[in-house]
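Enquirer: The structure's right below; bear with me while I get my questions together.
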Amino acid sequence: GSAADSILADIQSGAARLEQAGERFTLTMSDAALFKEGTAELHEKGQALLDRVAAGLKPLAAREFVVGAHSDNAPVK
């Protein structure tokens, strides 16, 4: 399937959430979908999720993207 289909599957599974406000889209990915609890390194599935998102965004290269990240207060093991 296409990158968009893969991202849609991630959204349906709860690994990601997509919101729209006017012309702006916000894609939020859960920490559990990207990292093992208490670590700062992507796990294999998290890397694959980011790869799918990158592939889905690549055709939109003429647009402006803002990437943000937040951390919790759990100590890194």
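The values are calculated or read from the model by the stated rules, or taken from the named source; none is laboratory data. Values in this document were obtained by computation on a predicted structure and should not be read as measured data. In this analysis, Cβ positions are derived from the backbone assuming ideal geometry, glycine residues included, and neighbour counts consider all displayed protein chains. With ligands, DNA and RNA removed, areas are computed over all heavy atoms of the protein, side chains included. Shrake-Rupley method; radii C 1.70, N 1.55, O 1.52, S 1.80 Å.
Enquirer: Give the accessible surface of the chain per residue, rounded to a whole number of Å², with probe radius 1.4 Å and ligands, DNA and RNA excluded.
Expert: 83
Enquirer: State the percentage of accessible surface on the chain attributable to carbon and sulfur atoms; use a 1.4 Å probe and exclude ligands, DNA and RNA. Provide the component values of the computation, followed by the final result.
Expert: Working: 3490 of 6390 Å².
Summing carbon and sulfur atoms, their accessible area is 55 percent of the total for the chain.
Enquirer: What net charge is computed for the residues neighbouring LYS45, neighbours being all others with C-beta under 13 Å from the C-beta of LYS45, Lys and Arg scored +1, Asp and Glu -1?
Expert: -3
Enquirer: In addition: Under a 1.4 angstrom probe, counting protein chains only, how are ARG52, ARG63 ranked by accessible area, largest first?
Expert: The most accessible residue leads, giving ARG63, ARG52.
Enquirer: Now for a different question. Relative to the longest principal axis of the C-alpha atoms of the chain, give the angle of the C-alpha long axis of helix 44-57, reported between 0 and 90° and rounded to the nearest 10°.
Expert: 20
Enquirer: Just from its helices, what would the mean residue ellipticity at 222 nm be for the chain, if runs of 4 or more DSSP H residues each count -39500 (n - 2.57) and the sum is divided by every residue, rounded to the nearest 500 deg cm²/dmol?
Expert: Value at 222 nm, helices only, nearest 500: -11000 deg cm²/dmol.
Enquirer: Keeping all protein chains in position, work out how much accessible area LEU60 exposes to a 1.4 Å probe, and write it in Å² to the nearest 10.
Expert: About 70 Å², ignoring ligands and nucleic acids.
Enquirer: OK, next. For ILE11, what is the net charge nearby, where nearby means another residue's Cβ is under 13 Å from its Cβ and Lys, Arg count +1, Asp, Glu -1?
Expert: Within the 13 Å Cβ shell, the charges total -1.
Enquirer: While we're looking at this one, here's another question. When only C-alpha pairs under 8 Å and at least 6 residues apart count, what is the relative contact order of the chain, in percent?
Expert: The normalised contact order for the chain reaches 27 percent.
Enquirer: Something else: Which of the chymotrypsin sites (Phe, Trp or Tyr not before Pro) across the chain are loop residues per DSSP, with 12 or fewer other Cβ within 10 Å?
Expert: Of the chymotrypsin sites (Phe, Trp or Tyr not before Pro), the ones in loops of the chain whose Cβ has at most 12 other Cβ atoms within 10 Å are PHE65.
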